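The values are calculated or read from the model by the stated rules, or taken from the named source; none is laboratory data. For clarity, every value in this text was computed on a predicted model and none was experimentally measured. Every residue, glycine among them, receives a Cβ derived from its backbone with ideal geometry; neighbour counts consider all protein chains shown.
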Amino acid sequence: MANNGKTKVVFLWHMHQPDYRDIMTGEYYFPWTYLHAIKDYVDMAAHIEAQLSAKAVVNFAPILLEQLDDYAQQIAAHLSRGEKIRDAVLASLVEPNLPLPGSMAFVDLAQKYLRANRERMIERFPVYRELADLVQSFKEKPYLGRYLNEQFLVDLGVWYHLSWLAEIPRRSDERIQRLQLKERGFTLEERRELLGIIGELVASIGPRYKKLADDGQIELCMSPYAHPIIPLLIDLNSAKEAMPNVSLPHATCYPDGRNRAKWHLNEGIKTFEHYFGKRPRGCWASEGSLSDDTLKLLHEAKFDWAATGDSVLHNSLRASENLAIATELKTTQKSLHRAYEFANVKINTFFRDDGLSDLIGFKYSTWHSDDAIGDLVNHMVNIANTAKDTKNTVISVIMDGENAWEYFPENAFHFLHSLYERLTTHPLLELSTYSEILDQQKPEPLHLPHLVAGSWVYGTFSTWIGDKDKNRGWDMLCDAKQQVDQALRKRSFSAEHLSQIEKQLALCEGSDWFWWFGDYNPAQSVSDFEYLFRRHLMNLYALIETPAPGYLNQVISIGGGDPASGGVMRQGHANQ
C-alpha cells in the first residue's frame, strides 16, 4: 500500500475488561469478560474475516488476554473432567441443583440473568422477555417467587447466555439455532452443549486474531498490563496540565510510580508476546492517557506509535510552548488528521476524531445502517477533500470495541458488515493500520514541544481523579503502596510470593475502579466496582502479611446517576 491517492482510514477497536478474579481463590466476581468475549470479540473477528480487504487495529489489554485463556481452560476442564468453574454465573448454566424457588439465592440469580440490554437483547426474544417480566413481578412481590420452579431458572439462564452470543455464529451455528427454536424446557445435556459452544468461542479468540494479524488484515496493539493511567502513576500533578484548578488527593505522589509504569509496560509486552508471538509496535495507553513523560517511556519500550483523543491535541495547541506552531497550523489547516511528535520524542502520535467516533458510539445505533454508513462516509470524504494531502492524512476512529454494539440491532451486524463493505470498495478512502501507514506511506509528523497531559475522555483525567470519591481511592492506593514498599524492605519473600504481590498491586492500580467512583454513575455498577477495589486492596495487604486498615470495610462511593450521563461509555468532548 504505497501512496495511491486515497485517504487512509484507521479503525482502532479497544478490547478491555479489568481482572474480576479474586487472586486468592481464582473466583470471578462478575461475568463480563466471558460475556463480552462470546458476543463482541467473536463478532468483530468474524466481520473482518468475512471481508478479505477489511483492515483494522485491534487493541487487547494484557489482563484481558489472561482472563480469556483462564476461561477457556476452565470450561474445557469442566467438560472433560468435571472440574469446578470459578464463575458463579457461568457455573449456574450447568449446575444440576439450582437454588430453591422463592429463596433469596433464587431471586438473586434470576436478577443476574437480566443484566443485558433490555431493548436489544431481552425484548428481541419473546420467551426471554416473558421470563424477564416474571422476574420483575417477583422482584416487586418476592413471595411470588415460591410459585415458580427450577425449570424457570434453567430456561432463564439459558436465554441469558443465548442473548449474549455473537450474531454471526447465531446465524450460522445449527446448534444455537436449535436451542433458540426449542424455547423452553432445556435439559442438563442441552445446557452442557451451550457451555461447550461458549468454550469454543472463547478459546477461538486469541488464535483468530493472531491469524488475522499474521495475514496482514489487522494490526494488534496493547495497553499497559493491568490498564493503569500511566501519567497519574508517574505524577499525580499531571492532572493539573488540563485542569489547573483540580482538587488532588492528600497524597502528593504515587510512590515509585515511574517504575510501576515501566513494570506495566514490560509485563504487558511479555504477555502480548506470549499470546501473539511477537512484540506490539503500537500502544493505546490505557484510556488514551498520555503525557510527555509517558511518551518517553513508550519510546524507551520501543513502541513506534501511540494514540489519544483529539481534545488532547486541542489542549496542546493552546499551550504557550506550542502557540507559534499552532498559529501556523491554523493558517495551513493542518491539524487533527495526521501524525505528531512531541517533546523531541521519536514516537508517532495519532489522534482520535472524537466527532466520528462518537457518532458510532452514541448516535448511529438508532439509525438504519445504510443511512448511518452513508453519513459516516460522507463526513470522511469531506475530511479527505479538505485535507488534499493523502501522504500525511489519517482519519482515526478509535472506540471501545465491546460496549457500543448492544445498543444496535442484532449486535450491529448490519452496521459493521456495511461499514467494512463500503470502505473496502470506496474510490477515495482506504482502510489501513498505523504500522502499515508508517512503513509504506512514511508520513511526515508535525513537531510540537509539549503535549498537554490528558486522555481521550474530555482531554483530561477528570474521569479518574479530582472527585472526592476518586481522590479517596487514590489515597487508599497510595497508602497500600507505601505498605508494600515497607514490607519488601523488611521481609524476604519467595520469588513466587513476590510475583503474586506484584500482580495484586497491578490489579489495584488499574483504571476501572476510579472510572466508576462518583455519584454520577449508576449505583449498581459503582457498588460492584468499589467492592472489588476494596477486595483487591485487602488481598494485597494479606499478601504482604500486614493488617488491612479498617477503612477497607467501609464503602467508598455509592453512585446513583443515570447511565446516559455516566456508565460504561463516555463521549470524547465534555460539551456534547
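The listed residues are 410, 444, and the only one of them that is under 30 Å from residue 166 (Cα atoms), of a type outside the set (A, V, I, L, M, F, W, C) and in the same structural domain as residue 362 (by TED's automatic domain parsing) turns out to be 410. Pairing residues of region 100-113 that are assigned by TED's automatic domain parsing to the domain that holds residue 150 and of a type in the set (Phe, Trp, Tyr) with residues that are surrounded by fewer than 16 Cβ atoms within 10 Å (Cβ to Cβ) and not in a helix (DSSP H, G or I), at Cβ distances under 9 Å and at least 6 apart in sequence or on separate chains, gives 106/100. Within region 38-64, no residue that is within 11 Å of residue 168 (Cα to Cα) and among the charged types (D, E, K, R) sits with its Cβ atom under 7 Å from a residue that is modelled with pLDDT under 95 and surrounded by 24 or more Cβ atoms within 10 Å (Cβ to Cβ) at 6+ positions apart or across chains. Scanning region 367-391 for residues that are hydrophobic (A, V, I, L, M, F, W, C) and closer than 19 Å to residue 418 by Cβ turns up 367, 372, 373, 376, 377, 380, 381.
In region 258-369, counting only helices (runs of 4 or more DSSP H) that sit wholly within it, the ones holding 2 or more residues that are modelled with pLDDT under 95 span 310-317, 323-332.
Looking at region 18-30, which of the residues that are of a type outside the set (Ser, Thr, Tyr) and buried (at least 22 other Cβ atoms within 10 Å of the Cβ) is farthest from residue 504 (Cα to Cα)? So, considering only residues that are of a type outside the set (Ser, Thr, Tyr) and buried (at least 22 other Cβ atoms within 10 Å of the Cβ), the one farthest from residue 504 (Cα to Cα) is 18. The residues of region 533-558 that are in contact with an Asp or Glu (Cβ under 6 Å, 6 or more places away or on another chain) and of a type in the set (Val, Ile, Thr) amount to a single one, 556.
The requirement of being of a type outside the set (Ser, Thr, Tyr), closer than 30 Å to residue 387 by Cα, modelled with pLDDT under 95 and not assigned by TED's automatic domain parsing to the domain that holds residue 281 is not satisfied by residue 56. The single residue among 220, 194, 212, 179 that is at pLDDT 95 or above, of a type in the set (A, V, I, L, M), within 22 Å of residue 71 (Cβ to Cβ) and not in a helix (DSSP H, G or I) turns out to be 220. May I ask you to list the residues in region 509-548 that are part of a loop (DSSP other than H, G, I, E, B) and of a type in the set (Ser, Thr, Tyr)? Matches in region 509-548: 511, 520, 546.
Could you tell me which of the residues 317, 323 is touching a helix residue (DSSP H, G or I) at 6+ places or on another chain (Cβ under 9 Å) and either crowded, with 24+ Cβ neighbours inside 10 Å or within 23 Å of residue 463 (Cα to Cα) (or both)?
317
The number of residues in region 490-504 being over 13 Å from residue 546 (Cβ atoms) and not in a loop (DSSP other than H, G, I, E, B) comes to 8.
Residue by residue, here is whether (1) touching a Leu at 6+ places or on another chain (Cβ under 8 Å); (2) closer than 23 Å to residue 57 by Cα holds:
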| site | (1), (2) |
| --- | --- |
| 317 | yes, no |
| 322 | yes, no |
| 360 | yes, yes |
| 373 | yes, yes |
| 390 | no, yes |
| 397 | yes, yes |
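In this structure, residue 562 does not satisfy being of a type in the set (Asp, Glu) and modelled with pLDDT of 95 or more.
Quick test for you: out of 477, 431, pick the one residue that is in contact with a strand residue (DSSP E or B) (Cβ under 8 Å, 6 or more places away or on another chain) and either surrounded by 21 or more Cβ atoms within 10 Å (Cβ to Cβ) or of a type outside the set (D, E, K, R) (or both).
Just one listed residue meets the conditions, 431.
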